[in-house]
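The numbers here are math on the coordinates, done by the rules we state, and not lab data. Predicted, not measured: the structure shown is a model, and the values here were computed from it. As a convention, Cβ positions derive from the backbone with ideal geometry for all residues, glycine included, and neighbour counts pool all protein chains shown.
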Amino acid sequence: MLGEVLKRFNPSVTLSRLSLSRRRVAAMIAGRSARTRSARHPRLRATGLLLVWAMVIMSGLTRSAPADLTEVTIVAARTVRGPGILGGDVSWPQCSRALTGYDLPMPAKDSGFVIIGLTHGRPFTDNPCLETQLAWAWSHEVPAMTYTMAAHPTDAQLEATGRNGPWAPTTRADRLRNAGYAQARDALRTLDEAGFRPPMVWIDVEHLRKQPWPIGSTAKHKANRHVLTGLMWGFADARMPFGFYSYANGWKEITGGWRLPEVPVWATAGRRDRDAAVAMCERPSFSGGPVLIAQWYNDVRDDDISCIPFTLRPPVPPAPGPPPLPATVASWPPG
């Protein structure tokens with residue numbers, strides 16, 4: 001089957017390289033413009049040609065973070081889908097009731113893409129039918145991305161993860177960053193066990209009933225940003241492209257309206273219709289980042305539409321003994 005997939009799509013590959021320095025990231029956090037090699041390619045910045053360009057963003061870098069990611073390799077395969085293509089997102093609600101789901105349907109077989117949830121609604125839980133949903137994507141040759149739920153750590157999670165990670169756990173802020181880093185590493189562990197390396201992981205930031213974000217003050221907004229900083233660093237450290245899924249009110253209540261104009265966005269129109277979702281492609285996003293995908297949903301399906309041309313390869317079924325993730329990922333958690 002792998003040979004047939006490769007023969008059918010025969011992607012041509014080109015490479016681009018962007019330089020990302022500590023100075024560049026610090027300037028971005030401070031809200032100042034900073035020139036990179038992407039300035040030489042205005043169409044790159046204008047159209048967001050490839051989802052994996054989210055990799056150039058490490059907005060959570062602080063002086064206590066690890067060494068810089070000094071070079072990012074961007075792989076562009078042949079565009080197999082164009083703007084305005086339809087897709088869908090799925091997770092544990094599409095599982096059978098025996099697996100705690102609701103037996104909701106998968107997207108249409110001719111979907112242009114699918115976004116598959118890694119968790120059971122909050123961090124450090126697994127989507128019980130992840131492998132089944134990946135197998136559906138493989139069998140139908142539907143390009144697949146993934147998403148993972150983010151949350152403020154519980155006291156137990158902060159105790160278990162806050163003292164291990166890139167940041168010295170001398171302050172609560174650093175422990176929160178380490179906890180976010182651990183959430184990213186757990187998502188990568190899930191992908192590793194499934195034998196899947198997606199072109200993109202979306203970080204889902206929304207209110208959760210079982211593990212709510214603290215809200216209502218600037219201090220709580222900052223605390224939540226520390227967690228998201230750790231998540232971004234965790235994916236960047238593994239060379240995993242990332243972006244944010246959220247909605248305007250939730251993002252503002254959770255982060256205080258954090259501006260991250262270069263981090264890609266998956267926006268949702270909620271229970272409105274397709275036209276409302278399409279309109280979100282042209283409007284400023286909740287964080288100021290470019291909107292690559294817009295969503296609308298009802299009680300049965302979560303539908304999505306691409307806002308700009310992007311490139312995705314159909315997923316490849318894992319071969320026996322898939323290559324391991326980088327050592328920093330494979331060794332997490334410690335011990």
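At a glance:
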read-out	value
Span from the segment 261-284 Cα centroid across to the segment 147-178 one, whole angstrom	31 Å
Shape call, segment 158-253: gyration tensor on alpha carbons, a/c limit 1.5	oblate
Segments 289-298, 155-164 sorted - mean Cβ within 10 Å per residue, highest first	289-298, 155-164
nm² value of the averaged projected area, convex hull over the Cα atoms of segment 88-187	7.1 nm²
